[in-house]
Amino acid sequence: MELNSKIPSGPIQDKWDSHKFNLKLINPANKRKYQVIVVGSGLAGASAAATLAELGYDVKCFCFQDSPRRAHSIAAQGGINAAKNYQNDGDSIYRLFYDTVKGGDFRSREANVYRLAQISVNIIDQAAAQGVPFAREYGGMLANRSFGGAQVSRTFYARGQTGQQLLLGAYSALSRMIAAGKVKMYPRTEMLDLVMVDGKARGIVTRDLTTGKIESHAGHAVVMATGGYSTVFYLSTNAMGCNVTANWRAHRKGAAFANPCYTQIHPTCIPVSGDHQSKLTLMSESLRNDGRIWVPKKKGDTRAAKDIPENERDYYLERLYPSFGNLAPRDLASRRAKDMCDLGQGVGATGLGVYLDFSDAMKRDGEATISEKYGNLFDMYERITGENPYRQPMRIFPAPHYTMGGLWVDYNLMSTIPGLHVLGEANFSDHGANRLGASALMQGLADGYFVIPYTIGDYLAREELKDVSPSDSEFIETEKQVRQKIDRLLSIDGTRTVDSFHRELGRIMWNHCGMARTDKGLKEALVKIPELRDEFWNNVRVLGEGSDLNQSLEKAGRVADFLEFAELMCHDALTRAESCGGHFREEHQTEDGEAKRNDEEYSHVSAWEFTGVGSTPKLHKENLEFENVKLATRSYK
Amino acid sequence: MKLTLHVWRQKSTSQKGAFETHVMDSVSPDMSFLEMLDELNQALITNGKEPVAFDHDCREGICGSCGVVINGRPHGPQRATTACQLHMRSYQDGQEIWVEPWRASAFPVVKDLMVDRTSFDRIIQSGGFISVRTGSAPDANEIPVPKVDADKAFDAAACIGCGACVAACPNASAMLFTAAKVSHMGLLPQGQPEREQRVLSMVSTMDEEGFGSCTNHKECQEACPKEISIDYISRMNRDYVCASKNKG
Ligand SMILES: Cc1cc2nc3c(=O)[nH]c(=O)nc-3n(C[C@H](O)[C@H](O)[C@H](O)COP(=O)(O)OP(=O)(O)OC[C@H]3O[C@@H](n4cnc5c(N)ncnc54)[C@H](O)[C@@H]3O)c2cc1C
Ligand code: FES
């Protein structure tokens, strides 16, 4: 397996422009002869499908929800970054680039990040023109806020529903192309495998989730924008349907999986309330702009928050990070919360929580101002917990939220499989070991609106692609394998539900490959996961038929893939014997508990090659060069 | 808590459905309504019975996937709350709960509590967009939008497309859904060039899809988890009349 990142030469600010000029073009009249398969209709998939169709390609788009508008991107709350510098506060493309490389703890590719920062400005223009109702100032201009620890205000937002509004924008563009007959949309359709012909990605096999029909789709290129895999932890902030299946199937066919262990644990989520819990709800990070985080100084203090006097509270983030305070980056804020709970200072019935307190902000700005800013979030909190955050502090705890890892892609967003392009959260490209707040929406839309439309043309123009069709043997063989897996799942008829396996896997991953990882714990997980996988294949109970709408069967297929993928995550975490960003190895920390990177040995992307289920995957390294940003210890003190 | 649950079971669109009764012995008040259904499903599978099919994804009240009628009310009793955000502390020990799918001929039942809402997508496809090719947009601040207009547009754009408005309406009308999109775009300067064409096509698609007409019951506004106001319906009606006149 060869990892050629195809980073263009030249000064960083010119790379993308010169690359675009060097890319081959396809004559407008010829574009419609090319079929492009887009899997996913989130920000990345919908923007790609719409834009490719506008250019003239013949596009098919797939999602498992009943409508493309319901992709998980819809849930993003806080905002989207762009280096517009509308606030005149010193932002620039270079600063956004710099912040993103530093925030990613120097584990991302400079060239990709620079391009992302450049494109960020076009995204806002595009979205505003589509009618995305961004927040405005009284003069009619766009408003911004500072988000996720940035020292400039570069985040554009639409109340607490930025993802929803951006996705509805992309969905409207996609709908326009569906109406024009340029995109054929397949909702409630799940990709279950990738079809390779002559070593290239040439199609997919899908299951119609309503009728159970297995079908093949052939094309000249495949674009996967299938999102992240935080649900490997069972409990996460992600939507219930998020999964790793498309990525994993492609990985099994030869696509390298990069940095699978880089997971972001978000510090501000509502704590678990009981065993029935099916998912965790994120409280937007923007709350940290006004809320103060604290725990009682005394261990096991059971007094109500209001009865704990000021001098008996530990505002630990303000204490530890005086210049960033409550806005310290996500990974730090999460780990410090865990530390406090480990010390016995956690709050709430389970002791797994810290306070996020708005009383000072309400005293300063008035309840009305706070309500205007965060009213919807306060209401949501009350709905879920039955507690009123205007009267008592919120309780929060970290939860898995975003996966920086994903399929390895080159500068053109193509995986190690020719013709398979990967966009959005599904790829690994831009966030290194830790993603900054409001940067995922930016990346998904950058990939879909402004990168893939250029780079896919170059691939199609350069490659000799023979005609293929679903009746070819490669398609029929792949379909057969998909059917066999389904039949096997249905025939086990064991005693345990799919969910019970998913929960157990989630617990293993949270305990051993979660916020803090150790050599010992990871090795333990590598014993437990195969055992659980064996039990799954002998004892899972999936009722009903394959030729019908069958939600247990859908879940079973996804959990089966998680049970293979989880091992890869642990291998990756085990071999990366350093701490960086979202990957924290307890053996590698400074005296005061901060992550200790090892640039000498680990300044690389770990790209893994599949070698068979249960067999140790093969590691390939892409070295990261830092020519523009000086490697430094990330300090937020 | 102990609850008696009557759940609608229907194998497919063409088959007839019926209520099935289950007694749940230990429901926690901290569970969401969907988590209560998860528990029911775990028990059903353990007893060799097929679980109840229902749509859901985000479980945060934003994707619009979930949607069931609970004791006659879409999304249940709590104002401005989707079924996934409704918590069992809204119910009392010993209560009986009836759960059924949206009922509307434009939303055929797919299975159990799941319905086919692709008619909503087709309404959007007929005009719920601003035609702007990727790359052709001017600088975002070149189109100033007064804050009041932006806020009003946002209130309409908050629609999650769940279909509760249709389920609540005695005529199964999709006026609130359609009006929300027409108004979101019609209130913004970017939406002006296509404003008349948009309202004409979307209303006509809405009719073709078999949604009923609006006779002012206001049930849609009551049921809407995003509290979208029926004022947008009046606004759409005015736009429609105006556009029809201009078209002649
Ligand atoms: C609660 C929450 C809040 C967030 N807030 C922010 C924020 O404020 N700012 C920010 O920048 N980021 C935020 N994020 C992160 C961000 O929302 C996501 O990273 C981003 O939206 C992912 O977009 P995507 O297009 O890559 O994938 P998704 O939106 O997840 O879309 C995946 C698509 O792939 C489809 N799919 C997946 N598998 C298959 C398959 N096998 N077959 C067919 N279709 C398939 C799905 O149907 C879906 O259409 C947040 C995330 C969460 C969970
Ligand atoms: S599951 Fe998304 S709105 Fe209820």
Report summary line: If one compares the long axis through the Cα atoms of helix A:162-179 with the longest principal axis of the Cα atoms of chain A, the angle in degrees, nearest 10, works out at 20
Report task. Could you work out, residue by residue across B:104-113, how many beta carbons of other chains sit within 10 Å of that residue's beta carbon, and then give the average as an integer? Result -> 1
Query raised in the report: So which aspartates and glutamates can A:Lys182 reach, going by Cα to Cα under 17 Å and dropping same-chain residues fewer than 8 places off?
Result: A:Glu54, A:Asp58, B:Asp121
Query raised in the report: Residue by residue through the stretch A:190-200, which ³J(HN,Hα) values in whole Hz follow from phi under the Karplus form 6.51 cos²θ - 1.76 cosθ + 1.60 (θ = phi - 60°), with glycine and proline marked x?
Result: 10, 6, 10, 6, 9, 10, 10, 10, 6, x, 10
Requested in this report: Counting residues in the protein assembly as shown as N, plug N into 2.2 N^0.38 Å and put the Cα Rg over that result.
Outcome: 0.89
Query raised in the report: What angle do you read, to the nearest 10 degrees and between 0 and 90, between the alpha-carbon axis of helix A:330-342 and the longest principal axis of chain A?
Result: 50
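Roughly how crowded by other chains is peptide B:32-44, in terms of the mean Cβ count from those chains within 10 Å of each of its Cβ atoms? Don't jump to the answer; show the numbers that get you there.
Working: counts 8, 0, 3, 6, 1, 1, 6, 3, 0, 4, 5, 1, 2.
Partner Cβ neighbours, averaged per residue: 3.
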Query raised in the report: Which angle from 0 to 90°, rounded to the nearest 10, does the C-alpha axis of helix B:147-157 make with the longest principal axis of chain B?
Result: 40
Requested in this report: Give the calculated FRET efficiency between A:Trp537 and A:Ala577 to the nearest 0.05, with a Förster radius of 30 Å applied to their Cβ-Cβ distance.
Outcome: 0.40
Query raised in the report: Taking H as built 1.01 Å from N, whose amide H comes closer than 5 Å to the amide H of A:Val223, not counting residues under 5 places away?
Result: A:Ile37, A:Val38, A:Val39, A:His421
Report summary line: So the FRET efficiency between A:Lys6 and A:Asn27, C-beta based with R0 = 30 Å and rounded to 0.05, is 0.80
Query - Pairwise label distance in nanometres, B:Gln95 with B:Thr4, each label 7 Å out on the Cα-Cβ vector - result: 1.6
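Using the Cβ atoms and a cut-off under 12 Å, what net charge is assigned to the surroundings of B:Ala180, where Lys and Arg are +1 and Asp and Glu are -1?
On the way: positive: B:Lys152, B:Lys181, B:Lys226, B:Arg235; negative: B:Asp155, B:Glu227, B:Asp231.
It works out to a net charge of +1.
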Requested in this report: Would you mind calculating the relative contact order of the stretch A:266-399 from Cα pairs under 8 angstrom and at least 6 residues apart, reporting the percent as a whole number?
Outcome: 35
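At a 10 Å Cβ-Cβ cut-off, how would you order A:Tyr355, A:Tyr229, fewest neighbours first?
On the way: A:Tyr355 22, A:Tyr229 30.
Going from sparsest to densest Cβ surroundings: A:Tyr355, A:Tyr229.
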Query raised in the report: Residue by residue, what Karplus-based ³J(HN,Hα) values in Hz, rounded to whole numbers, does the stretch A:287-294 have, using 6.51, -1.76 and 1.60 with θ = phi - 60° and x for Gly and Pro?
Result: 4, 6, 5, 10, x, 10, 9, 8
Report summary line: Expressed in nanometres to one decimal, the distance between label points 7 Å along Cα→Cβ at A:Arg391 and A:Glu367 is 1.0
Query raised in the report: Computed FRET efficiency, Cβ-Cβ of B:Arg79 and A:Thr633, R0 30 Å: what is it to the nearest 0.05?
Result: 0.05
Report summary line: Length-normalised contact order of the stretch A:473-603, Cα under 8 Å, at least 6 apart, in percent, tallies to 29
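Sorted by average packing, counted as other Cβ atoms within 10 angstrom per residue and highest first, what order do A:508-515, A:577-584, B:177-184, A:119-126 take? Mind showing how you got there, number by number?
Details: A:508-515: 21.4, A:577-584: 25.1, B:177-184: 28.1, A:119-126: 23.1.
Listed from highest to lowest mean packing, they are B:177-184, A:577-584, A:119-126, A:508-515.
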Requested in this report: Provide the gained length on full extension for the span B:Ser131 to B:Ser14, in nm with one decimal, where the gain is 0.36 nm per separating residue minus the Cα-Cα distance.
Outcome: 38.3 nm
Query raised in the report: For the stretch A:394-508, max minus min Cα coordinate along each principal axis, in Å, sorted largest first?
Result: 52, 48, 19
**Report entry** Relative contact order (percent, whole number), chain B, Cα cutoff 8 Å, 6+ residue spacing
**Finding:** 19
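Under the definition of partner shielding as Cβ atoms of other protein chains within 10 Å of a residue Cβ, what is the mean value for peptide A:132-144? Kindly include the intermediate steps, with their values, before the conclusion.
Numbers: counts 8, 15, 4, 4, 11, 3, 3, 4, 10, 6, 6, 2, 0.
Average per residue, whole number: 6.
Using a 10 Å cut-off around each Cβ, can you sort A:Asp447, A:Asp365 from fewest to most neighbouring Cβ atoms?
Working: A:Asp447 32, A:Asp365 14.
Fewest-to-most Cβ neighbours within 10 Å comes out as A:Asp365, A:Asp447.
Coordinate-derived values only; no laboratory data. Source: prediction; values computed, not measured. Positions of Cβ are backbone-derived with ideal geometry, glycine not excepted, and every protein chain shown enters the neighbour counts.
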